[in-house]
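Peer 1: Input: one structure, supplied below.
The values are calculated or read from the model by the stated rules, or taken from the named source; none is laboratory data. Remember, it's a predicted structure, so these values are computed and weren't measured experimentally. For neighbour counting, all protein chains shown are included, and Cβ atoms are generated from backbone atoms with ideal geometry for every residue, glycine included.
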């Protein structure tokens, strides 16, 4: 069931020190939104530049992961399964499951595999730590504007405690169930997002072969029955051939690999998704791995040039 409850941040919430792990392109602006509302944040971030940007905005810097033991709730935006595993289980030293006290809340907001998330859930439950899976839908621009969509699942108590903070970082929030539902919902959305670029690239190539220009095609597409917020958001980039990365081809390969692995694990055949993954891989092999994933439009144009 989808729940969209709302509860404002009270004085008790603001007084509680919030932990934050990972202050990159998404995590940094999200944490700054909390700081702007007067919420105290302690940040653990290996990159000195990103860490300094948050401390200049008012955050405290955690000298080590162990410093987060003083926080009642910890948010994380991490790059992949391996980093999440290392943060929770520890590597050379104790992990978050060893550091946080029983009753603390861990809110993990990355795109990771359901399998990794299940292992994390088991470890945290053994430590008495409440775990909320809360992957995000939206761009870095939306993160800065506190206009993201949060897809949440996990412990109901963790959802209730995290909600006042999530409201300061997002425009829409959905609680989807007690386990890995949010992880799968994120894969659902990313399947559609990645497929949109792939299909658009081929549609534009067909039109170009008949003499149509991208500007005219995108104008009509964005005013037609197939218009979408994503197409409208990317319209200028496609027309101007500007594929400065908001979400890269390499990141889309990572997400489509997660999608494929989750489907294989659950016995779900994804024939179209597999082909789209190969299309992203071919664009990456052509040197576009660090460009925005809508660079498939440019790659398809090269493939179609005679």
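Peer 1: Is there a residue in segment 145-154 that is farther than 27 Å from residue 273 by Cα, over 14 Å from the mean Cα position of the chain (by Cα) and buried (at least 19 other Cβ atoms within 10 Å of the Cβ)?
Peer 2: Looking through segment 145-154, at least one residue is farther than 27 Å from residue 273 by Cα, over 14 Å from the mean Cα position of the chain (by Cα) and buried (at least 19 other Cβ atoms within 10 Å of the Cβ).
Peer 1: Hey, another quick one. Quick one: residue 220 ticks every box in (1) touching a helix residue (DSSP H, G or I) at 6+ places or on another chain (Cβ under 6 Å); (2) part of a helix (DSSP H, G or I) except a single one, so which number is it?
Peer 2: It is condition (1) that residue 220 fails.
Peer 1: Please verify whether segment 111-125 includes one or more residues that are over 23 Å from the mean Cα position of the chain (by Cα) and under 24 Å from residue 160 (Cα atoms).
Peer 2: Within segment 111-125, one or more residues are over 23 Å from the mean Cα position of the chain (by Cα) and under 24 Å from residue 160 (Cα atoms).
Peer 1: Further question: Regarding residue 271, is this residue out of contact with any strand residue (DSSP E or B) (no Cβ under 9 Å at 6 or more places or on another chain), closer than 19 Å to residue 215 by Cα and outside the structural domain of residue 111 (by TED's automatic domain parsing)?
Peer 2: No: the conditions fail for residue 271.
Peer 1: Among the residues of segment 209-228, are any buried (at least 20 other Cβ atoms within 10 Å of the Cβ), in contact with a strand residue (DSSP E or B) (Cβ under 9 Å, 6 or more places away or on another chain) and not assigned by TED's automatic domain parsing to the domain that holds residue 131?
Peer 2: no
Peer 1: Considering 134, 121, 143, 127, which residue is more than 15 Å from residue 73 (Cα to Cα), touching a residue at least 24 places away in the same chain (Cβ under 8 Å) and in contact with a helix residue (DSSP H, G or I) (Cβ under 7 Å, 6 or more places away or on another chain)?
Peer 2: Answer to the selection: 143.
Peer 1: Sticking with this one: Within segment 44-57, does at least one residue satisfy the condition of being within 22 Å of residue 102 (Cβ to Cβ), touching a helix residue (DSSP H, G or I) at 6+ places or on another chain (Cβ under 9 Å) and assigned by TED's automatic domain parsing to the domain that holds residue 147?
Peer 2: For segment 44-57, residues within 22 Å of residue 102 (Cβ to Cβ), touching a helix residue (DSSP H, G or I) at 6+ places or on another chain (Cβ under 9 Å) and assigned by TED's automatic domain parsing to the domain that holds residue 147: present.
Peer 1: If I ask for residues that are surrounded by 21 or more Cβ atoms within 10 Å (Cβ to Cβ), closer than 19 Å to residue 164 by Cβ and free of Cβ contacts under 8 Å to residues at least 40 places away in the same chain, which ones from segment 55-99 would you list?
Peer 2: Selection gives 59 alone.
Peer 1: Determine whether residue 26 is assigned by TED's automatic domain parsing to the domain that holds residue 162, at pLDDT 95 or above, at negative phi and crowded, with 18+ Cβ neighbours inside 10 Å.
Peer 2: Taking the combined requirement at face value, the residue does not satisfy it.
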